[in-house]
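*Asks:* Can you keep this structure in mind? I'll have questions shortly.
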Amino acid sequence: LVIWGDKLPKNMRVKNSCEEPVWIRVGFCQTIVKNGSEKESLEKSEDLVEFVWRDKWKKKKEDNLYYYDGVLEGGETTEDFFESVKFKGDLVGAKIKITVCAQAEQAVNNLDNPWETTPEFKFSTASS
């Protein structure tokens, strides 16, 4: 049972599965579904759920993406995205769906501005 004001731990992270060091950024979207219907998703879900992000993840307002602060070596895993999730509203019978899409850019030869020459990150939560 989750009660209004509860904080729950969440363990979401990105692993670099290649051998080369990379920069990481992620697109993040949340949807709250009540009564089992996506059509009844709440548009203002950020008013009902608060994510407390860890210090290593920085959000850029211009593209609404979260950037990992530092290079991720081959085989390493980032720290969790957030410390906790706090529920702030009436979510009885609701489910929260979190969609995360990660993108990596090689760190070799991209030490100053790794995302400068990377194509735009097309983040979509649409089902395929």
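The values are calculated or read from the model by the stated rules, or taken from the named source; none is laboratory data. The shown structure was predicted, so the numbers you read here are calculated from the model rather than taken from an experiment. We place every Cβ from the backbone using ideal geometry, glycine too, and count neighbours over all the protein chains shown. With ligands, DNA and RNA removed, areas are computed over all heavy atoms of the protein, side chains included. Shrake-Rupley method; radii C 1.70, N 1.55, O 1.52, S 1.80 Å.
*Asks:* What do you reckon, is Glu116 of a type outside the set (Lys, Arg), without any contact (Cβ under 8 Å) to a residue 12 or more places away in the chain and either closer than 20 Å to Phe28 by Cα or open to solvent by less than 60 Å² (accessible area, probe 1.4 Å) (or both)?
*Replies:* Values: of a type outside the set (Lys, Arg): yes; without any contact (Cβ under 8 Å) to a residue 12 or more places away in the chain: yes; either closer than 20 Å to Phe28 by Cα or open to solvent by less than 60 Å² (accessible area, probe 1.4 Å) (or both): no.
In short, no.
*Asks:* Out of everything in region 55-67 that is under 13 Å from the mean Cα position of the chain (by Cα) and loosely packed, with under 14 Cβ neighbours inside 10 Å, what residue ends up being modelled with the highest pLDDT?
*Replies:* Within region 55-67, the subset under 13 Å from the mean Cα position of the chain (by Cα) is 56-60, 64-67.
Remaining after also requiring loosely packed, with under 14 Cβ neighbours inside 10 Å: 58-60, 64.
Working: Lys58: 90, Lys59: 87, Lys60: 85, Asn64: 81.
For region 55-67, the residue satisfying everything is Lys58.
*Asks:* Return the residue satisfying two criteria in turn: it lies in region 81-104 and is in a strand (DSSP E or B), among the hydrophobic types (A, V, I, L, M, F, W, C) and open to solvent by less than 40 Å² (accessible area, probe 1.4 Å), and of such residues it is farthest from Asn16 (Cα to Cα). Break it down stepwise before answering.
*Replies:* First pass over region 81-104, keeping only residues in a strand (DSSP E or B): 82-87, 94-104.
Of the ones still in play, those that are also among the hydrophobic types (A, V, I, L, M, F, W, C) are 82, 85, 87, 94, 96, 98, 100-102, 104.
Add one more test, that the residue is open to solvent by less than 40 Å² (accessible area, probe 1.4 Å), and what stays is 82, 85, 87, 94.
Details: Phe82: 18, Val85: 25, Phe87: 31, Ala94: 33 Å.
Filtering region 81-104 for residues that are in a strand (DSSP E or B), among the hydrophobic types (A, V, I, L, M, F, W, C) and open to solvent by less than 40 Å² (accessible area, probe 1.4 Å), the one farthest from Asn16 (Cα to Cα) comes out as Ala94.
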